[in-house]
Structures are given as C-alpha cells and as structure tokens.
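Structure record follows, encoded as structure tokens.
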C-alpha cells in the first residue's frame, strides 16, 4: 500500500526566511506521480506541482523549488524568502500508475504541514 | 474557465437525517473524485468516476454513502442516516484522464452532524 509521511506538523518562520517542507513516500510501483497542494485558510486545495518518478530533475518556480530524490523516497518543497501569504497547510500526495504509466488518479495524501509566516 | 464548484458550502444536520451534496466539475474534465477531510488530516479518497462509470470505491464508503454521476457531468454524494462521525469536509475534484492526471479541487462542503 502506498503511504505519504509529512513529519513536520507545524512550522513557524519569520517573513523572508527560507523554509523546507519534508515529504517521504512509500510505494511498490516503479512508476508514480508526486504532487504538492496548498490549502489556504479559505479551504480550497490549490495545485502547485506534479512530478513523475522517472524525472528527478529539480524544479524551480519563482520562490518555490522542489527536490525529488528517488533514492531516499523524498520530495521536499522549499519556499525561498517566505511571505505572510505563504501561510497555509501544505500537502504532499502520491498517485500510482498502471502498467502503461497512466496515473490511476486516486491520490494518497500526507497529513499536511501547517506553515505560519509571521511578519 | 470556471473551476470546480460544490453546493452547499456548509451543511448542519441532525443525526439520522439524510444529506446530499452536489459537485460540478470543470466542463471538459471526464474524471470526478470525492474525498473526505477531517480536522488536522489530509484528504482521504472516497470514490471516483470516469464519465458516468464509478470505477473505484474506498472501504471508507460505507453502505450509508452513495455517489452518482448520471450523465457524466455533475455528481451527487448522499449520506443516509448521518452519524456524528460523518462530520467532515467533503471535497470534490476533477481531472482529464490523459496520461498525467492532475486533479483540481472545489471549495468543499463542510458537514456538521449534531
């Protein structure tokens, strides 16, 4: 069975600090997809990024960057120069695939990390 | 392009009553998912449809829960004889079943069972 662990329940930083959110996953599949979602206080989950298991290139999007390491089954998320608007709950999620590499779609989520950025 | 919408946003009911929630997916999306999220937890998968076919149901979906997507567009989730343990946020997501299936979520329906 697949599992996603976000060991950090809550993180508190001061604005402009860098912060890394950890995500460790377990799956028996060799092909899978990893996701990060943001859930602001309004409650709606917002898609941030998707990575597939055969592409270990790190990705940067503005102040956001993601580090995928298959060897340690980790997919960590870093926010550089954090801002108050980054305050939210962040979820890491995993989706397995069929033999053809097509995503099953069903997402397994971690428990989430509450990030609070203080001014 | 409008996003996923859910109705109602909040529902308060008494134990034993039936409730029904509606989800309207993004128009070109053929997959529709239901998840449940309790306080302090990540969303948990309940069921999903591809077009009108219900392809998978979680063991979390007891006999009191039923979901439909009759014309492959909107979906309804009904809970019969609600229990206090059913109190949660019910999230709907939709996607297009291409090779990579990225789900986009609605705002959720918060259910409180008294």
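Checking the condition more than 12 Å from the chain's Cα centre (by Cα) and more than 10 Å from chain B (Cβ to nearest Cβ), which residue from A:24, A:84 passes?
On inspection, the qualifying residue turns out to be A:84.
Is it the case that some residue within segment B:71-86 is within 11 Å of another protein chain (Cβ to nearest Cβ), modelled with pLDDT of 95 or more and closer than 15 Å to residue B:44 by Cβ?
Of all residues in segment B:71-86, those within 11 Å of another protein chain (Cβ to nearest Cβ) come to none.
Scanning segment B:71-86 turns up no residue that is within 11 Å of another protein chain (Cβ to nearest Cβ), modelled with pLDDT of 95 or more and closer than 15 Å to residue B:44 by Cβ.
Between B:61, B:77, which is surrounded by 13 or more Cβ atoms within 10 Å (Cβ to Cβ), under 12 Å from the mean Cα position of the chain (by Cα) and not in a strand (DSSP E or B)?
Values: B:77 fails: not in a strand (DSSP E or B).
B:61 is the lone residue from the list that is surrounded by 13 or more Cβ atoms within 10 Å (Cβ to Cβ), under 12 Å from the mean Cα position of the chain (by Cα) and not in a strand (DSSP E or B).
Taking the criterion of being loosely packed, with under 13 Cβ neighbours inside 10 Å and either under 27 Å from residue A:90 (Cβ atoms) or at pLDDT 95 or above (or both), would at least one residue in segment B:21-35 satisfy it? Don't jump to the end; show me each part of the working.
Initially, segment B:21-35 is screened for residues loosely packed, with under 13 Cβ neighbours inside 10 Å, giving B:27-28.
Okay, now just the ones that are also either under 27 Å from residue A:90 (Cβ atoms) or at pLDDT 95 or above (or both), so none.
No, segment B:21-35 contains no residue that is loosely packed, with under 13 Cβ neighbours inside 10 Å and either under 27 Å from residue A:90 (Cβ atoms) or at pLDDT 95 or above (or both).
Regarding residue B:50, is this residue surrounded by fewer than 17 Cβ atoms within 10 Å (Cβ to Cβ), touching a strand residue (DSSP E or B) at 6+ places or on another chain (Cβ under 7 Å) and within 11 Å of chain A (Cβ to nearest Cβ)? Full working, then the answer.
Values: surrounded by fewer than 17 Cβ atoms within 10 Å (Cβ to Cβ): yes; touching a strand residue (DSSP E or B) at 6+ places or on another chain (Cβ under 7 Å): yes; within 11 Å of chain A (Cβ to nearest Cβ): yes.
Criteria met by residue B:50.
Which residues, counting only those in segment B:2-20, are on the phi > 0 side of the Ramachandran plot and either surrounded by 18 or more Cβ atoms within 10 Å (Cβ to Cβ) or modelled with pLDDT under 95 (or both)? Give the steps one after another, and end with the answer.
Applying the first criterion (on the phi > 0 side of the Ramachandran plot) to segment B:2-20 yields B:16.
Residues satisfying the conditions do not exist here.
Is it fair to say residue B:114 is at pLDDT 90 or above and more than 13 Å from every other protein chain (Cβ to nearest Cβ)? Working first, answer last.
Working: at pLDDT 90 or above: yes; more than 13 Å from every other protein chain (Cβ to nearest Cβ): yes.
Yes, satisfied.
The values are calculated or read from the model by the stated rules, or taken from the named source; none is laboratory data. This structure is a prediction, so every number in the text was calculated from the model and none was measured. Cβ sites come from the backbone with ideal geometry, for glycine too, and all protein chains shown count toward neighbours.
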